[in-house]
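Accompanying notes for the structure given below.
FYI, it's all coordinate maths here, none of it is from the lab. Given the structure is predicted, the values throughout are model-derived calculations rather than measurements. In this analysis, Cβ positions are derived from the backbone assuming ideal geometry, glycine residues included, and neighbour counts consider all displayed protein chains.
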Amino acid sequence: MAQEVTKKQALLKMIGFGVASAAVYGAVFQHANAITELFARGGVYAAAPIATVFLVSYVHGGFASNLWSALGITANVPSKTVQATKTKRPEVRATLNA
């Protein structure tokens, strides 16, 4: 089960992720030329853009998630799991017309 996060905890996490998000965006824009040169080297450096996107996605996603939690907006999770009823399938019969 997921732990419930209080609004105060979500607010503190939101601030932390917000500062980290601003720092990541600021660093990328501040050093755009150096980052572009690094990504253009090829070889092993070809994975650097993917890693950067994962980093930005994680940090920004953590900020956005905690923002919604701090505002009190949560997902509507149903209390019971609905199971599909099993229906009997018709039987297949092979007949030989003689």
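Observations
- q = 0.12, 0.13 Å⁻¹: log10 I(q)/I(0) that the Debye formula gives for the chain, counting C-alpha atoms only: -0.64, -0.69
- Inter-label distance for ILE35 and THR95, nm, one decimal - labels placed 7 Å from Cα along Cα-to-Cβ: 7.2 nm
- VAL28-ALA48 pseudo-label distance in nm [points 7 Å out on the Cα-to-Cβ vector]: 1.5 nm
- Sorted by Cβ neighbour density within 10 Å, fewest at the top, the residues ARG93, ARG41: ARG93, ARG41
- This ranking places LYS8, LYS13, LYS88 by how few other beta-carbon atoms lie within 10 Å of each, fewest first, which gives LYS88, LYS8, LYS13.
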